[in-house]
Amino acid sequence: MVNEIKQSFLTQFSGEPLLIKSPGRINLIGEHTDYNNGFVMPAAIDNAMYFAIGKNGNSILEIHSFNYEESIIFKNLEKLDTPSWGKYFKAILEILHEKGFSIQGVQCVFGGDIPIGAGLSSSAALCCGFIFGLSELFDLKIKKEEIAKIGQAAEHRIGLNCGLMDQYAVLFGKKDHVFCLDCESLEIKYIPFQLENHTLVLINSNIEHQLASVDSEYNVRRTSCEKVVELISKNSPKIKSLRNVDFSLLKKYKNEIQPIDFQRVSYVIKENRRVHQVIDLLEKNELEEVGNILLQGHDGLSKEYEVSLPELDILVDLAKKETGILGARLMGGGFGGATINLVANENKSVALANIKKQYLELTGLKCKIHEVKIEDGIKII
Ligand code: GLA
């Protein structure tokens, strides 16, 4: 794919482009914990967004989407055309401008094979890839940590109040490793992840999620968590996030907290624990138990945090019935996208064929199956 993108650049523009690979991500466990300063366990994968990018010697930014076969042109930050993907570029350019970075004219072709709305962070790959590309091109020396924060700020500007997990996975992923990110200190601990007899498999429900609307359910969940923190911090000013809230503290405020907020915060406290359990279990190579934790995670996402959909629940229920599928859960923000499944290799083809068939029968939808390869984070090719 990268060759096609380079070719498209050479056909439209002049000069040799810089080529960048910006991957998608999975998350083994730790969902909706990042914006609560908790813990997550993501990794970068083989699906990626590619950028061919070069200077054009003037002050115009010309950006072409290989997948959509559409282009946008910016003159002095004024975007002249408006395909929806253009809003990410606009937000990034505005933020870089506000931060005082000087960007001159650019010509760029981008595209890739991260399915949109599948919970694999195509937008983080897009944002981080473009910022990284500009930084390299104009020697801006923006550190990866700052690229992550600019990428996050761009998402916020568009309307999704996300955490930093996706950007960190895109930027700091390491081949054959997952990593535990402490979303408070932003410290990374890499954990080797090379399974001998098992495979991580994504099953895409074929329902695209739409997280980025201002009133989205995602932002509503975040607000619930923040309301509870605000309440607790009135008496305990040291509490700045749910990270340091446990059940004994939470219960003290039960009567003052709306039941729905209590339920959501309970989920977050348990999910943080699950991340630590999975760290221990991976060290001991106890994959059966990791599978169980994934199932518990899904249960929490579906019944407590309420970010699942019937189709995602069906995919997890079908996975539970298959011998050799150790665990499954919806992955990412929810409301569509894919489940992540831990599957024994010897049962893999039968189990996945069964799920495919029954999912079609039950929902009328075709699911897409993808075996995960864990790769390095962002890089120049
Ligand atoms: C989306 C957000 C992330 C994270 C996940 C849920 O992917 O971008 O910051 O909150 O949802 O874990």
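The values are calculated or read from the model by the stated rules, or taken from the named source; none is laboratory data. Since the structure is predicted, the reported quantities are computational estimates derived from the model, not experimental observations. No Cβ is skipped: glycine too gets one built from the backbone with ideal geometry, and neighbour counts run over all protein chains shown. Heads up: the accessible areas ignore ligands, DNA and RNA and are worked out on the full protein's heavy atoms, side chains in. Shrake-Rupley method; radii C 1.70, N 1.55, O 1.52, S 1.80 Å.
Suppose the chain between LYS254 and LYS379 were pulled fully straight at 0.36 nm per residue; how much longer would it get relative to their current alpha carbon spacing? Spell out each step's value before the answer.
Details: separation 125, 0.36 × 125 = 45.00 nm, distance 4.76 nm.
Going from the current span to full extension adds 40.2 nm.
Taking 19 Å as the cut-off, the amide N atoms of segment 5-22 that come nearer than this to a point 7 Å along the Cα-to-beta-carbon line of ASP139 belong to 16-19. Put a dot 7 Å past the Cα of GLU283, heading toward its Cβ, do the same for ASN3, and the two dots end up 4.6 nm apart.
To one decimal place, what orientation-averaged projected area in nm² is obtained for the convex hull of the Cα set of segment 180-300? Don't skip to the end; give the middle numbers.
Details: hull surface 39.5 nm².
For the Cα atoms of segment 180-300, the hull's average projected area reads 9.9 nm².
On full extension, the segment bounded by ILE369 and ARG157 gains 73.0 nm, given 0.36 nm per residue less the C-alpha separation. To put it simply, the accessible area of the chain at a 1.4 Å probe is 47 percent carbon and sulfur.
Is the shape of segment 2-192 rounded, prolate or oblate, going by the alpha carbon gyration tensor and its root eigenvalues a ≥ b ≥ c, with a/c under 1.5 for rounded and a/b larger than b/c for prolate? Walk me through the numbers before you get to the answer.
Values: a/c = 1.89, a/b = 1.58, b/c = 1.19.
The shape class here is prolate.
Residues considered: ASN354, ASN285, ASN58. Largest GNM mean-square fluctuation over the chain, using C-alpha springs under 10 Å, is found at ASN58.
Only Cα pairs under 8 Å and 6+ residues apart enter the sum, and on that basis the relative contact order of the chain stands at 23 percent. Rounded to the nearest 10 square angstrom, THR33 shows an accessible area of 0 square angstrom against a 1.4 Å probe. Ligands, DNA and RNA aside, CYS180 has an accessible area near 10 Å² when probed at 1.4 Å. Working note: Cα atoms of the chain, range along each principal axis, descending, whole Å: 60, 55, 38.
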